[in-house]
Amino acid sequence: MRNHLCLVAILGLLLGVTTAGWTEMECGRHPGMGAPRQGMGPGPDSLVPPGPPGPWFENRDFCKELGLSESDAERIASLHRENRKEEIRLKADLEVNEVELGELLKAEAPDEGRVKAKGREISDLRGRMYLNDVEMRLQVRRMLTAEQEQKVREYHRGKACCAKQGPKAPKE
């Protein structure tokens with residue numbers, strides 16, 4: 001178990017170093033937080049809708065600028081959707097286990113063995129959530145060139161900047 005946690009910590013540190021400056025692929029989303037996603041879904045005439053809001057891989061213009069085909073963008077979107085589904089399942093299991101841990105701890109004389117076992121289950125679920133997200137990110141990175149990856153980083157920096165400033169006035 002300790003080796004498993006060390007591996008998760010090391011992977012986290014390595015990814016932090018290798019993706020320095022690359023914010024969450026979906027601005028503001030952190031592994032395991034279950035933040036609601038908006039704009040997930042196909043556009044009216046394409047699998048990759050136009051426009052700046054939403055994840056970069058759903059921005060048709062940006063994908064063209066990157067040189068990604070529609071099928072590549074859809075493959076990346078599919079990886080994200082599948083990851084999101086698994087994240088939802090794991091988060092539900094995590095919440096159930098947290099409620100069960102609370103019940104165990106409310107006992108007058110909590111069974112230490114059962115409490116620790118439940119804690120390990122919770123830790124394992126969190127680790128799986130994190131590792132699933134890491135694996136999805138690595139799959140996406142394997143699909144991108146270094147230049148494309150840099151453009152994605154710049155895209156996110158711009159989104160973070162724009163989110164802080166609020167909406168811009170339309171150009172006349």
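A short reminder: the numbers here are calculations on the coordinates, not readings from a lab. The shown structure was predicted, so the numbers you read here are calculated from the model rather than taken from an experiment. All Cβ positions, even for glycine, are placed from backbone atoms using ideal geometry, and neighbour counts span all protein chains on display.
Rounded to the nearest 0.05, the FRET efficiency derived from the C-beta distance between Gln139 and Glu112 at R0 = 45 Å is 0.65.
When the Cα atoms of the stretch 88-145 are aligned to their principal axes, the ranges along those axes come out at 58, 18, 9 Å in descending order. Shown in residue order for the stretch 95-105 are the 3J(HN,Hα) couplings computed by the Karplus curve 6.51 cos²θ - 1.76 cosθ + 1.60 at θ = phi - 60°: 5, 4, 5, 5, 5, 4, 4, x, 5, 4, 6 Hz (x for Gly and Pro).
Hey, rough spin-label estimate for Glu149 and Glu95, points 7 angstrom out along Cα→Cβ, what's it come to in nanometres? Between Glu149 and Glu95, the simple spin-label model gives 3.5 nm.
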